[in-house]
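Here is the structure we will look at.
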Amino acid sequence: MHRGYIKLWRSSVDSKLYFIEPFSRWQAWQDLLLLTNYKENTTSIRGIMVTIKPGHVMVSGRFLQKRWKWSRGKVERFLEYLKNEHQIEPQTEPQKLNVISVYSIVNWENYQGNGQEGGTQIEPQTEPQTGRKQATPKNSKEGKEYIPPIIPQGIDQETWSAFLEMRKKIKAPVTSKAVELIFKKLARLKEQGHDPNEVLNQSIENSYRGVFPLKDNPVQTRGKTVAEALKEKGIE
């Protein structure tokens, strides 16, 4: 299910379905990958020549606002999130010119497929394109960690980032498998009436490696859903 890749033509952005609704975070991330340069390209921005290297994407906040149908603040928070999660890195040279923002995609080579690449990312093209490959998780045996770019709905990204930062501080960075298990447990705890963000905050405050039921939760479910617990107490 999660192996291999599919070819996604860059011309798919020409579909009327592509921009029909505001983007989700996952769609915004995929869109950045589609906008990323596949080969070195030099262009003029307000009379200043800017060179964009392979694996780099040149965008402005205003451009992304209009493209994703987002507010300025949401665009800025999402880009900051991707930087904090080491998915993108700002390139300083063009920024010194105060012309436009340029970011590099971390581990860009992991997103390449069979080498059949094409198109340019200054504007979406309709030429023969590239096969894309799902990002390969970093090998935890090498002491590295894999952080997925998108977190489940209902979990605040700032709270999740703070949890990851806490894990790093206690020298227990999460692996891709650990992330999967934590998300599954948070989902179960939510069904039992425990707010996932409060659960994460509890772990952050106490430097817990895992996630656990809230100690001061008013409804002691003991593995039951809130509805089941209330019914047991005669409250419906």
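Values in this text are rule-based calculations from the coordinates and carry no lab data. Predicted, not measured: the structure shown is a model, and the values here were computed from it. Don't worry about glycine lacking a Cβ; one is built from the backbone with ideal geometry, like all the others, and counts go over all protein chains shown.
Overview of values
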quantity: Per-residue ³J(HN,Hα) for region 55-69, Karplus 6.51 cos²θ - 1.76 cosθ + 1.60, θ = phi - 60°, Hz, x for Gly and Pro; calculated: x, 10, 10, 10, 9, 10, x, 5, 4, 6, 4, 5, 5, 8, 6
quantity: Debye, to nearest 20: dipole size of region 10-111, +1 on Lys, Arg Cβ, -1 on Asp, Glu Cβ; calculated: 420 debye
quantity: Segment Tyr208-Phe63, length gained on full extension (0.36 nm per residue, minus Cα span); calculated: 48.1 nm
quantity: Net lengthening on full extension, Asn84/Arg46 (0.36 nm per residue, minus Cα-Cα); calculated: 10.7 nm
quantity: Centroid-to-centroid separation of region 1-66 and region 185-214 [C-alpha atoms, Å]; calculated: 36 Å
quantity: Amide hydrogen neighbours beyond the local backbone of Phe212, cut-off 5 Å, H modeled; calculated: none
quantity: Region 10-111, relative contact order [Cα under 8 Å, separation at least 6], %; calculated: 25 percent
quantity: Amide H partners (placed H, <5 Å) of Val106, local residues excluded; calculated: Ile88, Glu89
quantity: Residue-by-residue Karplus 3J(HN,Hα) for region 204-215, coefficients 6.51, -1.76, 1.60, Hz, glycine and proline x; calculated: 5, 5, 9, 6, 7, 6, x, 10, 9, x, 5, 5
quantity: Charge dipole (debye, nearest 20) of region 27-67; +1 at Cβ of Lys and Arg, -1 at Cβ of Asp and Glu; calculated: 160 debye
